Amino acid sequence: MESNTLNRIVTRYVTGFVPLAVLSVLLITAFIMMNAAAQNSALFGRLYSVLLLVNILGVVLLIALILLNLFHFVEQYRARVIGTRLTLRLLIMFVVLAVVPVSVVFYFSIQALNRGIDNWFDVRIERALDDALLLGRTALDAQRQDLVKNAQEIAIELETLPVRRKIATVPSELSLLNALREQYNITELTLYTQDRKILASSSEANLEASTLVPARPSDAMIAQVRQGLTYANLDAISKSGLRLRVVVPVQGRDVGAPIRVLQVLQALPPRYAKLGESVQSAFAEYEKLVYLRGPLKFGFTLTLSLIALLTLLIAVWAAIFFARRLATPIRELAEATNAVAQGDYQKQIPVTSHDEIGILVESFNDMTRRIHRAQLQSKRSQQEAEIQRAYLETVLGHLSSGVLTFNQRLLLRTHNPSAGQILGADLRAGERKSLGWLVENYPSLRPLIEAVEQAAAAGQEEWQSQIQLTINKHRRILLLRGTSLPSWREKRGGYVVVFDDITALIQAQRDAAWGEVARRMAHEIKNPLTPIQLSAERIRHKFLRQVTKEDRHALERATRTIIEQVDSLKSMVNDFSEYARSAQMLSRAVDVNDLIRDVVELYKNTRSSASVVPLRDDAKTGKGKTSRAVTTKLDLDADLPQIPADPGRLRQVLHNLLLNSRDALAATAKPVIRINTRVVGENVHRFIELTVQDNGPGFPEALLARLYEPYVTHKEKGTGLGLAIVKRIVEEHGGTIRAYNLKDGGACVVMRLPVTTAAAAGPAPAPAAAQATRGENKA
């Protein structure tokens with residue numbers, strides 16, 4: 001909050017109108033002072049320093065304020081503040097419109113000022129003096145070039161002289177040097193070694209005594225000559241004398257010969273020095289005459305430059321000020337538009353003017369008010385739609401029926417949890433996928449997919465079908481009902497399919513039908529069995545002694561067979577009666593572990609028959625000629641709670657399961673039966689899980705889907721009612737049962753019986769004679 005307040009204060013005093021007004025006053029003052037100084041030279045001299053200081057301070061202050069504004073503007077531009085791009089374009093346009101005219105006026109003003117001041121003086125003299133100086137320099141350059149050329153020719157002539165390290169004493173060498181000097185009309189020729197020792201020298205006879213010793217070249221000259229370069233320059237020899245000095249290298253023609261140095265001095269005529277001195281003195285006099293022109297031109301130029309610079313800076317400042325002022329309403333409008341785009345429909349912009357921008361702002365405010373009212377109405381409608389959607393999702397989520405919806409291209413759109421549970425498929429992965437994808441990933445759903453495709457191809461508005469699926473090796477019967485969704489914009493709205501798992505209903509109907517059949521069969525078959533058995537016994541008793549010895553054996557065998565078959569039929573009728581009998585539960589608290597131990601104890605002295613065919617069933621076993629001992633392993637949970645149950649009917653369940661297992665193990669080399677108990681579930685939903693498994697051949701795959709149906713058996717002497725009775729007793733206790741084959745071989749039957757709160761108060765104490773919780777029984 002404090003930083004925002006500080007930014008507003010800085011912006012107000014940096015970009016406000018007050019600095020612009022102050023600097024404008026400074027500009028007017030500078031103009032007045034310039035006018036006064038132009039009319040009075042004395043006043044100009046007194047006010048020059050003050051005018052310069054005031055203008056420099058104004059320029060520095062204005063540059064600092066402009067830099068602060070530009071820095072603040074650059075920060076806003078980098079932060080992508082709305083309106084900065086428009087401000088930049090306006091600023092560039094205003095600056096160009098201000099700088100170009102001022103620059104043009106300043107340029108022509110400077111030119112006019114210079115020409116006006118130049119007209120106050122005769123500039124032809126200055127031009128003449130400049131031309132004279134240029135002419136003298138040109139003449140001297142020409143003589144120097146000629147002397148350099150002559151020196152190089154002389155050096156070539158001297159290359160034939162033998163190399164000596166002492167002063168030449170041979171007359172022929174000195175005569176050659178004198179001859180070359182006279183030939184080229186040179187004042188002095190001197191031949192040196194590289195260390196500036198004189199080898200030979202020749203000069204004019206009329207030289208002064210002070211010049212009898214040749215002037216040696218400096219080290220810098222020798223160094224330049226060693227590099228193979230030529231030195232040429234103008235020297236002063238007296239107060240009014242000039243001479244040209246040229247130093248060139250002289251190469252030796254012998255291999256390894258050192259380089260010698262030739263110095264050529266040529267004195268210039270005295271008139272050259274006089275003419276140069278005359279021109280120099282005249283030029284100095286003229287400089288004195290034009291001394292006042294420079295400061296005057298500089299003063300006017302500096303004043304005009306400062307005024308022009310102030311004008312430009314004030315123009316830039318004004319451009320920044322007015323660009324921001326023009327862009328502020330547009331920036332506020334853009335920020336408000338961005339706020340509306342982000343959902344703030346209550347945004348209002350203050351109206352600061354009544355021009356076109358003010359009308360635009362008023363229109364924007366009216367638009368936001370209307371949008372806000374529409375948004376409120378839309379939110380209310382959306383809330384109602386969300387309530388309806390939540391209601392529909394709640395209904396579908398708790399609906400026991402499965403619901404699938406498809407679009408017009410038969411792509412899966414939505415589904416409820418019951419659909420995935422009934423079909424045994426993860427339908428969330430199949431959303432927006434075609435029916436082909438469902439068939440490819442879940443082949444068991446092919447009948448369902450075909451039914452939907454046939455109904456869609458036929459264009460049926462409503463249809464109903466019953467299909468059968470095999471899911472996880474369990475048969476399920478589904479009742480399908482489909483209907484077309486309403487079309488929208490001349491496009492079909494898709495389809496909705498509702499299906500129910502009626503497997504249990506059909507099974508219940510089938511069980512009821514089988515129960516009625518069993519009841520009638522038991523009634524119809526049981527009535528004539530007793531007279532048949534009595535008649536056979538009477539025939540045996542009456543005629544056994546009357547027949548001959550040969551016929552007596554046949555009669556004995558026939559009557560015994562009739563009586564045994566009647567007993568077998570009575571056993572079958574008893575099974576039918578047991579299956580058809582209605583439930584009569586005598587519930588009490590039962591310790592399942594004790595019940596298991598008691599039932600297993602009964603099979604200690606029995607053996608499994610090896611002659612029994614190893615097919616799973618629940619009928620009574622046949623008697624074989626050989627038998628094997630069956631190992632029964634117990635793994636019982638010591639903390640198993642008691643449950644309310646009918647111990648007699650549970651004992652019947654255990655008997656049937658153990659008989660089935662023992663019959664299946666008849667052909668197994670080392671038969672083993674394992675019985676496990678444990679508690680599964682949490683809180684109030686707890687179950688006792690009882691598992692009976694063996695290492696026999698397992699259930700036939702063809703019977704797994706119809707394992708609990710009556711009269712389903714592969715045994716030679718089985719009725720197919722044992723597991724049906726077991727399932728019925730378990731369901732009477734509110735439990736579930738499932739059977740499957742183990743991966744390593746063998747069959748497994750798992751039962752779950754619910755544990756109620758009252759019965760689960762604690763496990764019953766085990767009898768003293770009870771065996772250990774974990775143990776083995778040898779049968």
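The values are calculated or read from the model by the stated rules, or taken from the named source; none is laboratory data. These numbers come from a predicted model, not from an experiment. Don't worry about glycine lacking a Cβ; one is built from the backbone with ideal geometry, like all the others, and counts go over all protein chains shown. Areas reflect the complete protein model, heavy atoms only, side chains present, ligands, DNA and RNA absent. Shrake-Rupley method; radii C 1.70, N 1.55, O 1.52, S 1.80 Å.
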*Probe 1.4 Å, all protein chains in place: accessible area of F298 in Å², nearest 10?*
120 Å²
*Name the shape class, rounded, prolate or oblate, that the alpha-carbon gyration tensor gives for the range 372-429, where a ≥ b ≥ c are the square roots of its eigenvalues, rounded holds for a/c under 1.5, and otherwise prolate holds if a/b is larger than b/c and oblate otherwise.*
prolate
*Express in nm, to one decimal, how much length is gained between N365 and K379 on full extension, taking 0.36 nm for each residue of separation and deducting their alpha carbon distance.*
3.0 nm
_Give the residue list of trypsin sites (Lys or Arg not before Pro) in the range 366-431 that are DSSP loop and have at most 16 other beta-carbon atoms within 10 angstrom._
R409, R428
*How much FRET efficiency would the formula 1/(1 + (r/R0)^6) give for R428 and L485, where r is the Cβ-Cβ distance and R0 is 22 Å, rounded to 0.05?*
0.55
*Using amide H atoms built 1.01 Å from N in the peptide plane, name the residues 5+ places from T414, or on other chains, whose amide H lies under 5 Å from its own.*
T405
*Can you work out the base-10 log of I(q)/I(0) for the range 345-490 at q = 0.17, 0.20, 0.21 1/Å, using the Debye formula on its C-alpha atoms alone?*
-1.02, -1.27, -1.34
*Working with all protein chains in place, sort R674, R557 by solvent-accessible area computed with a 1.4 Å probe, largest first.*
R557, R674
*In whole Hz, what ³J(HN,Hα) sequence does the range 687-702 give by Karplus (6.51, -1.76, 1.60; θ = phi - 60°), x for Gly and Pro?*
9, 8, 9, 10, 10, 10, 9, 9, 10, x, x, x, 7, x, 4, 5
*According to the square roots a ≥ b ≥ c of the eigenvalues of the Cα gyration tensor, what is the shape class of the range 324-424, taking rounded for a/c under 1.5, prolate for a/b larger than b/c otherwise, and oblate for the remainder?*
prolate
*List L147, L569, ordered by accessible area with a 1.4 Å probe, largest first*: L569, L147
*Could the peptides 191-200, 218-227 be put in order, highest first, of the mean number of other beta-carbon atoms found within 10 Å of their residues?*
191-200, 218-227
*Set the Förster distance to 51 Å, then compute FRET efficiency between I110 and Q346 from the Cβ-Cβ distance, nearest 0.05.*
0.25
*Could you tell me which of the pairs K570/K604; K149/K274; K570/K743 are separated by over 32 angstrom between their Cα atoms in the structure shown?*
K570/K743
*Added length on full extension, which subtracts the Cα-Cα distance from 0.36 nm per residue, T631 to E462*: 54.9 nm
*If amide H atoms are built 1.01 Å from N in the plane of the peptide, which residues on other chains or at least 5 residues away come under 5 Å of the amide H of G493?*
L485, S487, W488
*Could you compute the FRET efficiency for N574 and N407, with r as their C-beta to C-beta distance and R0 at 51 Å, rounded to 0.05?*
0.30
*Keeping all protein chains in position, work out how much accessible area E450 exposes to a 1.4 Å probe, and write it in Å² to the nearest 10.*
80 Å²
*In nm, what is the difference between 0.36 nm times the number of residues separating L97 and E440 and their Cα-Cα distance?*
116.0 nm
*Once the whole set of protein chains is in place, how much accessible area is left on D635, using a 1.4 Å probe, in Å² to the nearest 10?*
50 Å²
*Between R686 and residues 5 or more places away or on another chain, which pairs have amide H atoms under 5 Å apart, with H built 1.01 Å from N, and which residues are they?*
V755
